[in-house]
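The structure appears below as structure tokens.
The values are calculated or read from the model by the stated rules, or taken from the named source; none is laboratory data. This one's a predicted model, so the numbers in the text were calculated from it and none came from an experiment. A quick note on method: Cβ atoms are made from the backbone with ideal geometry, for glycine too, and the neighbour counts reach across all protein chains shown. Calculation scope for accessible area: heavy atoms of the full protein, side chains included, ligands and nucleic acids excluded. Shrake-Rupley method; radii C 1.70, N 1.55, O 1.52, S 1.80 Å.
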Amino acid sequence: MSTFIFDVLKDLQKKNKPFSEITFILPSKRAGLFLKNQLYKVSQQTIFAPQIISIEEFVQDIAQLTPISNTELLFEFYNSYLSMTDKENVESFESFSKWAQILLQDFNEIDRYLIPQEKIFNYLGEIQEVNHWYLEKEKTDFVKNYLKFWSKLHEYYNHFSKRLKAKNLGYQGLIYREAVVNLESYAQSNRENNYVFLGFNALNTAEETIIQYLLEHNTADIYWDIDTHFFNDLKHDAAWFLRQHKTNWNYFDTNPFNWITNHYAEDKSISIFGVPKNIGQSKHIGTLLKQLSEEDKSLKSTAVVLGDENLLIPVLNSLPSNIDALNITMGFPLKSIPLASLFESLFNLHKNPSKSFYYKEVINIISHPFIRPLFYGDATDYASVIIETIQTNNIIYLNEVRLKEIANKCHHIIDVLFTDWDVSIDKVLDNCGQLIVIIKNDLSKNKASNVLSLEYLFRFNSLFNELIRLNSAYNHIKDVSTLFTVYKELLSSETLDFQGEPLQGLQVMGMLESRVLDFETVIISSVNEGILPSGKSNNSFIPFDVKVENNLPTYKEKDAVYTYHFYRLLQRAKRVYILYNTEADVLTGGEKSRFITQLLLRNKHDINHCLITPQVPVIPPTLKAIDKTPELLNEIAAVANKGFSPSSLTNYIRNPIVFYYQKILKIKEHDEAEETVAANTLGTVVHNTLEDFYRPFIGTFLTVEKLQNLKSKISERVGYHFSNEYKEGDITSGKNLIIFEIAKRFVTNFLNLELEELRAGNDIKILSIETENSIVLDIPELNFPVKLTGKVDRVDEYNGVTRIIDYKTGQVTQANVEVVDWDAITTDYKKYSKSFQVLSYALLMQQSGEIKGAVEAGIFSFKNLSSGFLKFAKKEKSGNSAKKEVLITEETLKMFSEQLKKLIVEICDIETPFIEKEV
């Protein structure tokens, strides 16, 4: 395939123009590398390489100004703003930066297009005057200041531009304007130079002025790259700018317009794929490349052009493994590197000055992969110690002093991360610098495996050095929030360059990097409206009609630029694959680009258009099953020998897999810090408070006086147990205060219920409180001992009848403690779990000899105390009615014991796997 660059070089050779004496000027640096590579194919002898520069470098050479970064430009502009603004109206740098960046973009456009500054700024001020016209004679101070700001735009511009030029600095637009001013003297002093411009399309007024001047003085040639198919179609935007140049430039009245080619008409294979989502596109690009690499392993003259550069990482992860040579022209965004999230977390933590830190933010920082290794010492992972302490003690807010108490061997790193961030910006930057050095020293212990991480660190060190320089030079950063804003601005423009083969194998690039380059096979992604072309976006203070009046570019011109780049990629290509996202997205929408619609409607080539449906396998939901081995059976036997508790057995009934994880594998549930008191914590507090109250009464009858005396102690005992169970958690405000009051209300209501019983003439004698029992079950089918263990909340005697009582702070109704179907008691968790527990306690008490004869067992539900004591009942159906038996007799316990043994035999049966249940 003959490329545009090669054709230009052949034409220059034909005209006997020595390459060594030519200065080639290109739209971007990227194309210069390809031009050098093409030179040896054309030149038959050894020559000195010509000068190859980008248009921006050329203009900077004419203007004799050095470009300034966008961030430093903002600082310089703030200096001008402070000089030109009354002190009472001055905004902070952070507030200023939000609108100043837009204004700087407008300054840039105005200068690049050589618009008379005073005229347009006065025009903008007058527009604001009209917008704020009203009948009252006097304007408010706010409106006066607002209009005053607009009227001073020209003064701001003049002060700012003069200040920059005095330092030999300039932003792009100012450099272009100055280049036009210096053009004549530059041309006079460089008469011997011969310039060749190639591959240009849209030009600003300054560029047009410079190029036309050099053309008319016979010191330059220019080569355009447009196809006759687009150029002759007056409605086609791909040639919009080039038709204007040919018509409006006087030079082309007497000189040829090089070149209008006819490559687009050549045979091409064009395929368009609609693919759902960005990941789908990335995966399909990988599939296409795999097919192409089977035909040509080197993938020579193949390019993947990313319409949306956010696809870079998914595409790289989707490349087939047999690709040997790869070049990526785009850099990897520094903001996507893991280290960026660390500094973002630190800035978010400290941007609002506070003496204490929210525990989740602390855990997030000390758990970061770059930070956690720094907390390791004396064979102890102090990061884990801190996290466990926070979670165990429910510490929601903590300061650096508390952190040092927990991890007393890590004072230095704690100081760097958490101390003195509110002292000064110099101290903040010093902390960041120290942190980078500490991480570097840690990574350097194993340099070979940390090469990439050290490269990340180096780039962040450079970034913070620039922040230190800016803060030292300008002193506009007054707080961490402003520093964070400047940090993000610098970070957004920084990239980490990839190393690759720039002239071999597969090329992965963005749309703008493809300028002037030609490839036989092109894959273009994200060809959707809002991406290609980018669509309407008006990030400017200059209204649309004012832009049109002054020949400033609008979204229409930007769309035409992308139209040219898109179709130029297709001109010489032989195989083209176009991908678009079929799924509607919130921001970009799901509509395919107008470029695709044009291709389909104009029908110049046969186009294969298809929708790709990802082949997602249907994976039927399967429940886990754990087969029992002899080794596993030994573990079960060890648990059985220690003792099954009623709650662990109901856990098995609910879901055997959970029982397997907790009792056999000993996997505990992960403890999170409780910001809000958990239900089980509330239950423990109420249980322990009642234990304190009733334990002194064991063996005695309750009296009204005894219970009345307890009421005054409720607040103190509930508070005491909250401090024991909820540790350092705060119960003085919010939901936790409500839960604290609920706990007191539960206890109060229960005492009131007992008082009512006593006043009604009932006798209540406390027999035991929180009694732990353990019995050995006789199960002949098993060859190892099995124990049943449990703690009974309370056993009392009510009017001569023994009661086994279980407290529940949740909602329980009478139906939850009634049994109809004995076979279901070990299978239906929802219906019978409460009955199973109280019968287990009754069996424990009876077989341990604690109680004899018939008893009652049941539950006090603190959310249903109005129902009183919810007694276990055995229901037997008799015709249409059901007979209830509330006394737990020997027969009842025998029937329960049979079901209990069946359940335990099932748990211990090697042939019965642990099978997960849908909960």
Some residue of region 364-379 being among the aromatic types (Phe, Trp, Tyr), over 20 Å from residue 421 (Cα atoms), part of a helix (DSSP H, G or I) and open to solvent by 20 Å² or more (accessible area, probe 1.4 Å): no
Close pairs (7 angstrom Cβ cut-off, 6 or more residues apart or separate chains): closer than 14 Å to residue 307 by Cα and among the charged types (D, E, K, R) in region 570-593, buried (at least 19 other Cβ atoms within 10 Å of the Cβ) and modelled with pLDDT of 90 or more anywhere: 592/274; 592/527; 592/528; 592/580
Matching entry among 437, 401, 451 (being under 29 Å from residue 675 (Cβ atoms), open to solvent by 30 Å² or more (accessible area, probe 1.4 Å) and part of a helix (DSSP H, G or I)): 401
Lone qualifier among 420, 426, 442, 430 - being in a helix (DSSP H, G or I) and either without any contact (Cβ under 8 Å) to a residue 40 or more places away in the chain or among the small types (Gly, Ala, Ser) (or both): 430
Residue pairs meeting the criteria (Cβ under 8 Å; at least 6 apart or on separate chains; first under 10 Å from residue 576 (Cα atoms), in region 518-538; second among the charged types (D, E, K, R) and assigned to a strand (DSSP E or B)): 520/575; 521/575; 522/575
Test: residue in region 119-132 that is in contact with a Pro (Cβ under 8 Å, 6 or more places away or on another chain) and open to solvent by 20 Å² or more (accessible area, probe 1.4 Å): yes
Pair list, Cβ < 8 Å and 6+ apart or interchain, from region 343-368 residues that are closer than 23 Å to residue 385 by Cα and among the basic types (Lys, Arg) to residues that are modelled with pLDDT under 95 and open to solvent by 20 Å² or more (accessible area, probe 1.4 Å): 355/399
Given (1) modelled with pLDDT of 95 or more; (2) open to solvent by less than 50 Å² (accessible area, probe 1.4 Å), number of the condition residue 265 does not satisfy: (1)
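Within region 222-232, is even one residue under 23 Å from residue 190 (Cα atoms), touching a strand residue (DSSP E or B) at 6+ places or on another chain (Cβ under 7 Å) and of a type outside the set (Lys, Arg)? Working first, answer last.
Keep residues of region 222-232 that are under 23 Å from residue 190 (Cα atoms), which gives 222-223.
Keeping just the survivors that are touching a strand residue (DSSP E or B) at 6+ places or on another chain (Cβ under 7 Å) gives 222-223.
Applying the additional criterion that residues be of a type outside the set (Lys, Arg) yields 222-223.
Yes, some residue in region 222-232 is under 23 Å from residue 190 (Cα atoms), touching a strand residue (DSSP E or B) at 6+ places or on another chain (Cβ under 7 Å) and of a type outside the set (Lys, Arg).
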Residue within region 217-231 that is of a type in the set (Val, Ile, Thr), free of Cβ contacts under 8 Å to residues at least 24 places away in the same chain and closer than 28 Å to residue 108 by Cα present: no
Residue 753, sole failed condition from (1) among the aliphatic types (A, V, I, L, M); (2) in contact with a Lys or Arg (Cβ under 6 Å, 6 or more places away or on another chain); (3) farther than 25 Å from residue 646 by Cα: (2)
Filtered residue count, region 683-737, keeping only those that are hydrophobic (A, V, I, L, M, F, W, C), in contact with an Asp or Glu (Cβ under 7 Å, 6 or more places away or on another chain) and outside any helix (DSSP H, G or I): 2
Which numbered condition residue 567 misses (of (1) under 30 Å from the mean Cα position of the chain (by Cα); (2) open to solvent by less than 10 Å² (accessible area, probe 1.4 Å); (3) within 30 Å of residue 33 (Cα to Cα); (4) not hydrophobic (A, V, I, L, M, F, W, C)): (1)
Filter result for residue 321 (in a loop (DSSP other than H, G, I, E, B), under 19 Å from residue 403 (Cα atoms) and over 15 Å from the mean Cα position of the chain (by Cα)): no
Listing of helices (runs of 4 or more DSSP H) fully contained in region 1-79 that carry 1 or more residues being among the basic types (Lys, Arg) and surrounded by fewer than 16 Cβ atoms within 10 Å (Cβ to Cβ): 4-14, 29-42
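Check whether at least one residue in region 149-162 is open to solvent by 40 Å² or more (accessible area, probe 1.4 Å), closer than 19 Å to residue 70 by Cα, among the basic types (Lys, Arg) and in contact (Cβ under 8 Å) with a residue 60 or more places away in the chain, and report yes or no. Let's see the steps before the verdict.
Here is the first cut: in region 149-162, the residues open to solvent by 40 Å² or more (accessible area, probe 1.4 Å) are 149, 151, 155, 158-159, 162.
Going one step further and asking which of them are closer than 19 Å to residue 70 by Cα, we end up with 158-159, 162.
Now drop any that are not among the basic types (Lys, Arg), which leaves 162.
In the following step, the residues that additionally are in contact (Cβ under 8 Å) with a residue 60 or more places away in the chain were identified as none.
No, there is no match, as no residue in region 149-162 is open to solvent by 40 Å² or more (accessible area, probe 1.4 Å), closer than 19 Å to residue 70 by Cα, among the basic types (Lys, Arg) and in contact (Cβ under 8 Å) with a residue 60 or more places away in the chain.
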Residue 672 being within 30 Å of residue 360 (Cβ to Cβ) and open to solvent by 50 Å² or more (accessible area, probe 1.4 Å): yes
Residue match in region 418-428 (condition: closer than 30 Å to residue 678 by Cβ and in contact with an Asp or Glu (Cβ under 6 Å, 6 or more places away or on another chain)): yes
Any chance residue 630 is closer than 30 Å to residue 916 by Cβ, without any contact (Cβ under 8 Å) to a residue 60 or more places away in the chain and open to solvent by 60 Å² or more (accessible area, probe 1.4 Å): no
Pairs with Cβ under 8 Å, 6+ apart, first in region 547-558 and part of a loop (DSSP other than H, G, I, E, B), second of a type in the set (D, E, K, R) and open to solvent by less than 60 Å² (accessible area, probe 1.4 Å): 552/109; 553/109; 553/547; 554/547
Number of positions in region 408-419 that are of a type in the set (D, E, K, R) and closer than 15 Å to residue 347 by Cβ: 0
The lone exception for residue 604 - which of (1) charged (D, E, K, R); (2) loosely packed, with under 15 Cβ neighbours inside 10 Å; (3) assigned to a helix (DSSP H, G or I) it fails: (3)
Residue 734 being under 26 Å from residue 796 (Cα atoms) and out of contact with any helix residue (DSSP H, G or I) (no Cβ under 9 Å at 6 or more places or on another chain): no
Residue match in region 637-660 (condition: open to solvent by 70 Å² or more (accessible area, probe 1.4 Å) and part of a loop (DSSP other than H, G, I, E, B)): no
Number of the exception - residue 466 against (1) open to solvent by 10 Å² or more (accessible area, probe 1.4 Å); (2) within 19 Å of residue 349 (Cα to Cα): (2)
Search result, residues across region 736-752 that are more than 27 Å from residue 867 (Cβ to Cβ) and open to solvent by 60 Å² or more (accessible area, probe 1.4 Å): 737
Verdict on residue 392 being open to solvent by less than 80 Å² (accessible area, probe 1.4 Å), of a type in the set (Val, Ile, Thr), more than 27 Å from the chain's Cα centre (by Cα) and more than 25 Å from residue 352 (Cα to Cα): no
Helices (runs of 4 or more DSSP H) wholly inside region 191-257 that include at least 2 residues being more than 23 Å from residue 564 (Cα to Cα) and of a type outside the set (Asp, Glu): 205-216
